[in-house]
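The structure appears right after this line, and notes come after that.
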Amino acid sequence: MIQNPLMTKFTRTAASLCAALFFLAPTGSLAQEQQDAEEALESGTYIAGSHGDWTIRCVGTAPDAATSSDDGDGKGDLQDEEEASAEAAATERPQCVMIQIAVHSDDPELGLSIVVVRQQINDDLVSQMRITTPITVYLPAMVGLEIDGAAIGRLPYEVCSPAGVCVATSFVDGDLEAKLRSGGQAQFFLKDVRGTDGIFNLSLSGFTAAFEQLGAPDS
């Protein structure tokens, strides 16, 4: 069974960030999720990169969008703003996650949002995977995980939201990280309250590059 340590500073930070990115909650079709993602770009998040089937999203304003020009006499003010922005960027890392939709094996219009977060905690770079599911899941069954057909374990649900979703989590330790880096496809297994099983496929193409971008000093 995949271990789920007690709530820590990391999980609280990760939970806050994932809440800001809940536009990918799997409460409807993929078309609706894509529409929600587009709306989210206008409400505080931006795309910081794409690697294979993974997307890097950050909270805040894209660096390119934050810059501006002044054709009048405001050059001094612009220079001051740029210096302040550079100083802030040097002392505060943007909050970013890597995201992908895991697609149902029988219905490509159904999906789960898979989010990977990495946070520097003291001297350690700690990683966590969060799976957002419909609230109609059967909680005791947890979320099963396989990589390239090999069973990895079961991820426990951590919280359910009045918004209609539940979140299962797992810390990504060295062994799981290695399997995600080398694997081709992951599968998540869910059971709903009616006893119906669901299988969701997740591409691992680009996982390594996206994971390393999250761990880079400027991500």
Taking H placed 1.01 Å from N in the peptide plane, check which residues at least 5 places from LEU155 or on another chain put their amide H under 5 Å from its amide H. VAL143, GLY144, LEU145
Listed with the fewest Cβ neighbours within 10 Å leading, ARG154, ARG130 appear as ARG154, ARG130
Evaluate the distance, in nm, between pseudo-label points positioned 7 Å from the Cα of ALA150 and of SER50 along their respective Cα→Cβ axes. 3.1 nm
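Sort CYS166, CYS160 by Cβ crowding within 10 Å, fewest neighbours at the top. Walk me through the numbers on the way to the answer.
Working: CYS166 20, CYS160 15.
By the 10 Å Cβ count, ascending: CYS160, CYS166.
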Could you give me D for the range 113-157, from Stokes-Einstein at 25 °C and 0.890 mPa s, where the hydrodynamic radius is the Kirkwood radius over C-alpha pairs? Units µm² s⁻¹, please. 197 µm²/s
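Can you check what the Kirkwood hydrodynamic radius comes to for the range 121-219, Cα pairs only, in Å to one decimal?
Values: mean 1/r = 0.0683 Å⁻¹.
Every distinct Cα pair counted, the radius reaches 14.6 Å.
Values quoted throughout were computed directly from the atomic coordinates according to the rules given, and no laboratory measurement underlies them. As the structure is a prediction and not an experimental result, all values here were calculated from the model. Every residue, glycine among them, receives a Cβ derived from its backbone with ideal geometry; neighbour counts consider all protein chains shown.
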